[in-house]
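Here is the structure we will look at.
The values are calculated or read from the model by the stated rules, or taken from the named source; none is laboratory data. Bear in mind that the values here come from a model prediction, so they are computed numbers and not experimental data. When we count neighbours, we look across all protein chains shown, and the Cβ atoms used for this are built from the backbone with ideal geometry, even at glycine.
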Amino acid sequence: MPNRLNKKKALKLLQTASLLELGRRADEVRWRLHPRREVSFVIDRNINYTNLCVSRCRFCAFSRPPHHPEGYVLSRAQIFQKIEELLDQEGTQILLQGGLNPALGLPWFEDLFRAIKKNYPIHIHGLSPPEIFFLAQKEKVSIREVLRRLKAAGLDSIPGGGAEILVERVRQKLSPRKVSAAGWLKVMEEAHQLGLKSSATMMFGSIETDAEIIEHLDRVRRLQDKTNGFIAFIPWSFQPSNTALHHLKPASGVRYLRVLAMARIFLDNVPNLQASWVTQGPKLGQVALFFGANDFGSTMLEENVVRAAGAAHRVSLEEAVRIIRSAGFTPVQRNQQYQILKRF
């Protein structure tokens, strides 16, 4: 692609450009990709089906080891109730994620997905690459076979969780028991080849370097060149409270905006960039709309993982509409494929 930003130039830009310069360049990319004065959002619910997990990531305050008294697995009735509450609020998708629970095999998920699809008109955006990789190891089958069976059972798309930073130095220090960077990318490539679209994420603000942030963006961009399967990118800042890394200072709002803008400038082939009000709060989420973000993410009827680490921001449908409108944009409700369902 002509005039594409390479890693060396991107690193220099991230480290030396002023905040407003980064914002200006990111905003230019945003308007080139999305010339209509609209900001989208989705009405969904994050259903964490279990908090039992063998990964023991140092940045996580949500999970519990197997057999822990605070551990849980949601019953089908509990999951169905959550879906019904979401549908009552005109929600269109569930984000279904949980821990790496050795008690739950592939048939458990197949049965659950089939039951959901039989009973509810809902999009299943579920099981991030660590969960899929873990299932493949547990069942002793290929990643492709796991994905094929899950898709047949009702899986519609895949969230980009578990990416953290796609560099092994960082992963070995933060989450050595979880899928490698290469494994994460492999799951996504196989999913895209099977027609399952996905998002991609980046958790920054822990122990990574600026160069490792750029490396993460480059690995996402290279896979997108190959598959065109990423529909959105969501960078979010690490929340250290209640984790093993509680001594670290959380990334500032300025740092968040710099990284967000850099993502928009560098990821020229990923169509949508989400603002992360969940970690930064709704006011900075609004400012993010001028630093490359064209999407306000989710109204998120329920969120447990980030909240466990100390962030407790909430945004109702009415507030999301107000925030977007007061920034000078038309709020639009979308589905997971970024098709517009309603204009406000």
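General remarks:
- Residue in the stretch 61-78 that is crowded, with 21+ Cβ neighbours inside 10 Å and either in contact (Cβ under 8 Å) with a residue 24 or more places away in the chain or farther than 23 Å from residue 295 by Cβ (or both) present: yes
- Scanning the stretch 79-95 finds one or more residues that are touching a helix residue (DSSP H, G or I) at 6+ places or on another chain (Cβ under 8 Å) and in a strand (DSSP E or B).
Let's see how each residue does on (1) closer than 26 Å to residue 275 by Cα; (2) without any contact (Cβ under 8 Å) to a residue 12 or more places away in the chain; (3) of a type outside the set (D, E, K, R):
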position: 144; (1), (2), (3): no, no, no
position: 181; (1), (2), (3): yes, no, yes
position: 190; (1), (2), (3): no, no, no
position: 222; (1), (2), (3): yes, yes, no
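- Checking each residue in the stretch 11-24 for being closer than 22 Å to residue 287 by Cβ and in a helix (DSSP H, G or I) picks out 13, 14, 15, 16, 19, 20, 21, 22, 23, 24.
- The residues of the stretch 164-174 that are at pLDDT below 95 and either in contact with a Gly (Cβ under 8 Å, 6 or more places away or on another chain) or within 14 Å of residue 236 (Cα to Cα) (or both) amount to a single one, 164.
- When 249, 226 are screened for being charged (D, E, K, R), in contact with a His (Cβ under 9 Å, 6 or more places away or on another chain) and either at pLDDT below 95 or closer than 24 Å to residue 336 by Cα (or both), only 226 passes.
- Restricting attention to the stretch 48-78, the residues that are in a strand (DSSP E or B) and under 30 Å from residue 207 (Cβ atoms) total 4.
- Filtered residues of the stretch 79-99 (kept if of a type outside the set (S, T, N, Q), over 23 Å from residue 272 (Cα atoms) and touching a residue at least 60 places away in the same chain (Cβ under 8 Å)): 82, 85, 86
- So residue 20, is it aliphatic (A, V, I, L, M) and in contact (Cβ under 8 Å) with a residue 24 or more places away in the chain: no
- Residue tally, condition under 27 Å from residue 107 (Cβ atoms) and among the acidic types (Asp, Glu), over the stretch 143-175: 2
- Residue in the stretch 87-99 that is of a type in the set (Val, Ile, Thr), surrounded by fewer than 17 Cβ atoms within 10 Å (Cβ to Cβ) and either touching a strand residue (DSSP E or B) at 6+ places or on another chain (Cβ under 6 Å) or more than 21 Å from residue 157 (Cα to Cα) (or both) present: no
- Matching residues, the stretch 1-56, being exposed (fewer than 14 other Cβ atoms within 10 Å of the Cβ) and of a type in the set (S, T, N, Q): 3, 6, 15, 16, 18
- Just one of (1) within 23 Å of residue 259 (Cα to Cα); (2) of a type in the set (A, V, I, L, M, F, W, C); (3) without any contact (Cβ under 8 Å) to a residue 60 or more places away in the chain fails for residue 53. It is (1).
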